[in-house]
Amino acid sequence: MIDISDGLLADLGHLCDASTLRGVVRQPLLPLSSAARLAIAANPKLNTAVTGGGDDYELLFTAPADAGDAIAEAAAASAVPVTLIGAIEQGEGVALLDASGQPVKVEHKGYAHFS
């Protein structure tokens, strides 16, 4: 588990680097505020900004694929919303996919502490 205060894709990248696996995020599954959706509708170039922006202070975690029911029960019991946004698979790095399953080019994945 990791907070995404440095940006969703950057922090997912940290989890993936540590596990030597690839993270795949499906852009249409991202839970966005109505304000973010309105901003993106007005300026589609902001679409990738939501994955690289920081200070969201949300938590990101991975779990086995068969843990979905247990996660849903825990989320309901604690009244904490949990959203499935992608998957972990063999490979390296992080990919953002659009509604068609095509890779989205992302210029800025988030804050980099050591660059």
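Full-extension gain between Ile2 and Ser78, please, as 0.36 nm times their residue separation minus the C-alpha to C-alpha distance.
Contour length minus the Cα-Cα distance gives 25.5 nm.
State, as an integer percentage, the relative contact order of the chain based on alpha-carbon contacts under 8 Å between residues 6 or more apart.
49 percent
FRET efficiency for Asp17 and Ala87, Cβ-Cβ distance as r, R0 = 22 Å, nearest 0.05?
Taking R0 as 22 Å, the efficiency between Asp17 and Ala87 is 0.85.
Report the residues of segment 70-87 in range of a label on Ser33: point 7 Å along Cα→C-beta, backbone N strictly under 17 Å from it.
Counting only backbone N, you get 81.
What does the helix-only formula give at 222 nm for the chain: each DSSP H stretch with n ≥ 4 adding -39500 (n - 2.57), the total divided by the residues, and the result rounded to the nearest 500 deg cm²/dmol?
-9000 deg cm²/dmol
Distance in nm between label sites at Arg26 and Phe61, each 7 Å beyond Cα in the beta-carbon direction?
2.1 nm
Mean shadow of the chain, computed from the convex hull of its alpha carbons, in nm²?
For the chain, averaging the hull's shadow over all directions gives 7.9 nm².
Coordinate-derived values only; no laboratory data. On a predicted model such as this, the values are computed, not experimentally measured, just so you know. Glycine also receives a Cβ, built like all others from the backbone with ideal geometry; neighbour counts cover every protein chain displayed.
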